[in-house]
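Student: One structure, as structure tokens, below. Some questions next.
The values are calculated or read from the model by the stated rules, or taken from the named source; none is laboratory data. Owing to the predicted nature of the structure, the values given are computational and were not obtained by experimental measurement. Cβ atoms come from the backbone with ideal geometry, glycine included; neighbour counts cover every protein chain shown. Each accessible area value is taken on the protein alone, full model and side chains, heavy atoms only, with ligands, DNA and RNA left out. Shrake-Rupley method; radii C 1.70, N 1.55, O 1.52, S 1.80 Å.
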Amino acid sequence: MPVEKITKHAKIWRLAVFALALLIHVAAILFFSVKQKEEDVQTVDFSQADVFKLVDVQEYTKPEPESNEIVVQQPKASERVLVTEKKVKDFDESAFLPQHKISSVPVIPIREVLSKIEYPPMALRQGIEAVVYLELFIDSKGAIKNIKVLKDPGHGFAEAAVAALKGIICVPANANGKNVAVRYRYPIKFTLN
């Protein structure tokens, strides 16, 4: 046989072997993928399975708080409603000088204020400290006429600070040698020892 015919037969033979190998690979891939899908789908024996009904599921409800708790020290009410027949006067802020227009600031009796302060019970139990910023309207005689809360940290601190300053008499502010009514910003810091 000539050399050309051998190489021609060898090429056909190689092509046939390659096609057969390719066919075997494709068949194996298809066989294993079908086998894997059959294993993924499991048969369930419903005779031994637990059956749950929708009625067996209960919605979570928050339990009611127990009312047999004893409150040893209850904080004073922060809101009181006063009914009066008198006409309530609007407070005139314009009669009080701003703080930057006075020569000397009012002197607040700190010891008296500290003796009147009651630390809010909830904040005391939780260990919370805070600073309350107030604006005091102090008249020319040193009486605190009105208290405005500028910054309230919550937890009852502002109410405690206002209650401690009610009825306090200060040394009045001074402007050009005269006692004057003033709007005075005053912080009260609540700290735990």
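Student: Take the residues in the stretch 155-187 that are of a type in the set (Val, Ile, Thr) and open to solvent by 10 Å² or more (accessible area, probe 1.4 Å), then tell me which one is farthest from the chain's Cα centre (by Cα).
Tutor: VAL180
Student: Of all residues in the stretch 151-173, count the ones that are touching a residue at least 40 places away in the same chain (Cβ under 8 Å) and over 25 Å from VAL107 (Cβ atoms).
Tutor: 1
Student: Take the conditions in contact with a Leu (Cβ under 9 Å, 6 or more places away or on another chain) and among the aliphatic types (A, V, I, L, M) and apply them to VAL132. Does it pass?
Tutor: yes
Student: Moving on to the next point. Considering GLU135, GLU118, which residue is in a strand (DSSP E or B), surrounded by 12 or more Cβ atoms within 10 Å (Cβ to Cβ) and at pLDDT 70 or above?
Tutor: GLU135
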